[in-house]
Amino acid sequence: MSSQRKSKSGDRFVYQEFGYDGETEDRDSVDLDVPPNQQNLKVEVSRKGRKGKTVTVVQGFQQSQDTLSALLKELKTHCGAGGTLKEQTLEIQGDHGQKMVTFLSQKGYKVKRSGG
């Protein structure tokens, strides 16, 4: 089943296969906020693909981008390092694996250390 709809500019039609859900612009901002005690996070210290720089990576979040941005800010302050948010993954510069595990555990997350 296919449908057509007017785009935001209103001057052209856009073809969309598999129907129109009515809210195309809000697809990416779906709230995934699962309580911290129901999330299983993995903390890993990695150098792969980073030109020898050590980065602490936290994966497994099931939360909205706004919540993750606030958590990233807290983690960067706690570790005293820079960092970034890539999709549902937090990256903090440096080897802060143990700090991250204790900090996230205190926040209520289920955390496991991965790698060496």
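Read the figures in this text as sums done on the coordinates, not as results from a lab. These numbers were taken from a predicted model, which means no experiment stands behind them. Heads up, the Cβs are rebuilt from the backbone with ideal geometry, glycines too, and the neighbour counts pull from every protein chain shown.
So the values come out like this:
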{"item": "Net charge over other residues, Cβ less than 14 angstrom from the Cβ of Gly49 (K, R count +1; D, E count -1)", "result": "+4"}
{"item": "23 Å Cα-Cα threshold exceeded, pairs from Lys48/Lys107; Lys51/Lys110; Lys51/Lys112; Lys48/Lys112", "result": "Lys48/Lys107; Lys51/Lys110; Lys51/Lys112"}
{"item": "For the stretch 66-83, Karplus couplings with θ = phi - 60° (6.51, -1.76, 1.60), whole Hz, Gly/Pro x", "result": "5, 5, 5, 5, 5, 5, 4, 4, 4, 5, 5, 5, 4, 8, x, 9, x, x"}
{"item": "Largest to smallest principal axis extent of the C-alpha atoms in the stretch 43-116, angstrom", "result": "30, 22, 20"}
{"item": "Local electrostatic count, Cys79, Cβ distance below 13 Å [Lys/Arg +1, Asp/Glu -1]", "result": "0"}
